[in-house]
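Since every read-out is calculated from the coordinates, none of them should be taken as a lab result. Here the structure is a predicted model, which means the values were calculated and not measured. When we count neighbours, we look across all protein chains shown, and the Cβ atoms used for this are built from the backbone with ideal geometry, even at glycine.
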Amino acid sequence: MKDLFAPKSTDNLLPYDGIVNDLGIVIGEMDALYEQLATELPWQADTVTLFGKTHITTRQMVWMGDKGLSYTYSGHARKAIDWTPSVLQIKKQVEDKLATIGIKVEFNTCLLNFYPTGTDGMGYHADDEKELGEQPTIAALSLGATRKFVFKHKKLKHRNNRYQDKPVKVELYLESGQLIVMHGDTQQYWKHTITKTKTMHEGRISLTFRRMLTV
Ligand SMILES: O=C(O)CCC(=O)C(=O)O
């Protein structure tokens, strides 16, 4: 039976200052796709410099995109590798899905993250680098283990008069095959994280599609 209270893909999951839509499970054969990406991609540890300290992550990453694109975040520049046929096909499916809620975008890069277990995560950050332009549209597709994804407002620490009882944190559980899209002012006002957990032992891959300015 259809759940009348299930959120619609056009509902905004953020209470203010940005837009996040949940398009639900948008692809099939997720297990096979997860295995394919886990084995065929050249995963590497990520290097992150925060407050002058450099860390090598247990999370693995691959940066993929149109020829010649490079991207600097967390203090390090990365050069994109060429699209693989499987990721290019997923990109097309994601773009088609977004078009169904009126978002027309052609992504030119994808950051893929591989979290081997629940103890691998990604700290709070915003994808607000200048190469992404103002109000970037970023689509995130999850494969594998279900993980918690949390948004936290950058400035508001507590509910205040301006927003009355609206929350300053929003939590989602992202399942295999699920697609969310962050757009509008989201990166300007909110940070997001993949929280760590000791209770999850399976891996997860995320594909975060972006459009970088190429001038
Ligand atoms: O793994 C995810 O879903 C989030 C990845 C992320 O925050 C990012 O690539 O900026």
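Going toward the positive end of the dipole of the chain, with +1 on Lys and Arg Cβ and -1 on Asp and Glu Cβ, which of 50, 68, 139 do you reach last?
Of the options given, the answer is 50.
What net charge do the residues around residue 55 carry, taking every other residue with its C-beta under 13 Å from that of residue 55, with Lys and Arg at +1 and Asp and Glu at -1?
So the environment of residue 55 carries a net charge of 0.
Put +1 on the Cβ of each Lys and Arg and -1 on the Cβ of each Asp and Glu in the chain; which of 195, 205, 89 then has its Cα farthest toward the positive end of the dipole?
Toward the positive end, the furthest listed residue is 195.
Just 34, 173, 115 to compare: in a GNM of the chain, with alpha carbon springs under 10 Å, which one fluctuates most?
With Cα springs under 10 Å in the chain, the top fluctuation among 34, 173, 115 is at 173.
Please give the Cα centre distance for the stretch 21-67 versus the stretch 184-215, rounded to the nearest Å.
10 Å
Lys and Arg at +1, Asp and Glu at -1: add these up for the other residues within a Cβ distance under 15 Å of residue 116 and post the number. It would help to have the intermediate numbers written out before the result.
Numbers: positive: 59, 147, 196, 198, 204; negative: 35, 46, 120, 202.
Charge balance in the 15 Å sphere: +1.
Take residue 148 and residue 67, extend 7 Å from each Cα along the Cα→Cβ direction, and tell me the distance between the two endpoints in nm.
Placing both labels 7 Å along Cα→Cβ, they lie 4.6 nm apart.
For the stretch 114-215, what is the Kirkwood estimate of the hydrodynamic radius, computed as the reciprocal of the mean inverse distance between distinct Cα atoms, to one decimal in Å?
14.7 Å
Using all C-alpha to C-alpha distances in the stretch 13-88, build P(r) with 5 Å bins and read off the rounded percent in each one.
3, 11, 15, 16, 16, 19, 15, 4, 0
In sequence order, what are the phi-derived ³J(HN,Hα) couplings for the stretch 5-15 according to the Karplus relation 6.51 cos²θ - 1.76 cosθ + 1.60 with θ = phi - 60°, rounded to whole Hz, with x for glycine and proline?
Coupling constants for the stretch 5-15: 9, 5, x, 8, 5, 8, 5, 8, 7, 8, x Hz.
Cut-off is 10 Å between beta-carbons; in what order do 209, 107 appear when sorted fewest neighbours first?
By the 10 Å Cβ count, ascending: 107, 209.
Which trypsin sites (Lys or Arg not before Pro) does the stretch 2-63 hold that lie in a coil by DSSP with at most 11 other beta carbons within 10 Å?
Here the trypsin sites (Lys or Arg not before Pro) that fit, given the DSSP loop and packing criteria, are 2, 8.
Scale the Cα Rg of the chain by the rule-of-thumb value 2.2 N^0.38 Å and send over the ratio, two decimals.
Values: Rg = 16.9 Å, N = 215, 2.2 N^0.38 = 16.9 Å.
That ratio works out to 1.00.
Relative contact order of the chain: what whole-number percent is it, with Cα pairs under 8 angstrom and at least 6 residues apart?
Relative contact order of the chain: 29 percent.
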